[in-house]
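> Structure incoming, see below.
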Amino acid sequence: MKGWRETVALNLDSAAKMLYCMEPLRRPILQAILSSLQLPEGSRGLDAGCGIGLQTLLLAQAAGSHGHVTGLDTCASFLEIARALTGQVGLADRVSFRQGSWNQIPYEEGTFDWVWSIDAAGYAPQEPVSSVQELVRVIKPGGRLILGLVFAVPAPRVPGFGGAFKRQSGGHRALYNA
Ligand SMILES: C[S@@+](CC[C@H](N)C(=O)[O-])C[C@H]1O[C@@H](n2cnc3c(N)ncnc32)[C@H](O)[C@@H]1O
């Protein structure tokens with residue numbers, strides 16, 4: 001998807017930059033997960049804890065031109081970037097973003113065919129069981145929940161990652177208590 005790098009490089013806080021810098025390292029793993037999932041064409045999904053929306057866009061491509069993916073995140077500035085990127089790659093009709101918490105998802109029961117949350121709800125620092133129950137609540141019967149941690153695999157290979165993570169995680173940690 002052309003154009004991400006230019007947009008993201010313009011004006012990001014350190015947390016968003018980290019997500020952006022990790023993207024090329026995580027991409028092959030994410031692509032492998034996506035191809036094994038074979039998300040149904042035309043399906044409707046939720047990306048819980050979507051960050052700056054990089055995976056939301058991959059998911060939208062995987063769900064095909066009749067599919068739709070909603071990115072949900074507590075962080076308004078991430079969602080702003082996600083919307084800008086989505087417009088830039090021409091997926092605005094298949095992707096939407098909403099501010100909210102995976103602990104209280106602003107959708108009715110059974111709204112989505114699948115819920116994806118990579119490097120987000122999987123961390124579930126406070127109430128893991130109720131967070132997962134809330135994710136399951138919005139999935140249609142027979143749908144799928146995809147929860148995973150990928151960040152930890154490539155992160156240590158990024159020069160300076162350890163220090164940068166310590167510096168930014170204090171400020172960003174509050175978001176996880178929403
Ligand atoms: C490590 S980032 C990962 C973002 C994205 N999934 C990715 O892998 O690029 C975790 C994201 O979860 C979001 N988040 C944290 N707590 C949340 C909550 N309770 N509900 C929704 N999003 C949340 C953060 O704002 C952040 O964007």
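> 5 Å is the cut-off here: which amide hydrogens, built 1.01 Å from N in the peptide plane, fall below it relative to residue 146, excluding neighbours closer than 5 in sequence?
115, 116, 117
> Sticking with this structure for a sec: What are the ³J(HN,Hα) values, in whole Hz, obtained from phi via the Karplus relation 6.51 cos²θ - 1.76 cosθ + 1.60 with θ = phi - 60°, for each residue of the range 65-79 in sequence order, with x given for Gly and Pro?
My calculation for the range 65-79 gives 5, 9, x, 8, 10, 10, x, 10, 7, 7, 9, 4, 6, 5, 5 Hz in order.
> Please report the net charge: other residues with Cβ closer than 14 Å to the Cβ of residue 93, K and R +1, D and E -1. Provide the component values of the computation, followed by the final result.
On the way: positive: 44, 83, 94; negative: none.
So the environment of residue 93 carries a net charge of +3.
> With a cut-off of 8 Å between alpha carbons and a minimum separation of six or more residues, what is the relative contact order of the range 23-132 in percent? Can you show the working numbers first?
On the way: 167 pairs, mean separation 31.5, N = 110.
Once divided by the residue count of the range 23-132, the mean separation gives 29 percent.
Bear in mind these aren't lab numbers, they're just calculated from the coordinates by the rules spelled out. Just so you know, these numbers come straight off a predicted model, no measurement behind them. Every residue, glycine as well, gets a Cβ built from its backbone with ideal geometry; the counts of neighbours run over all protein chains shown.
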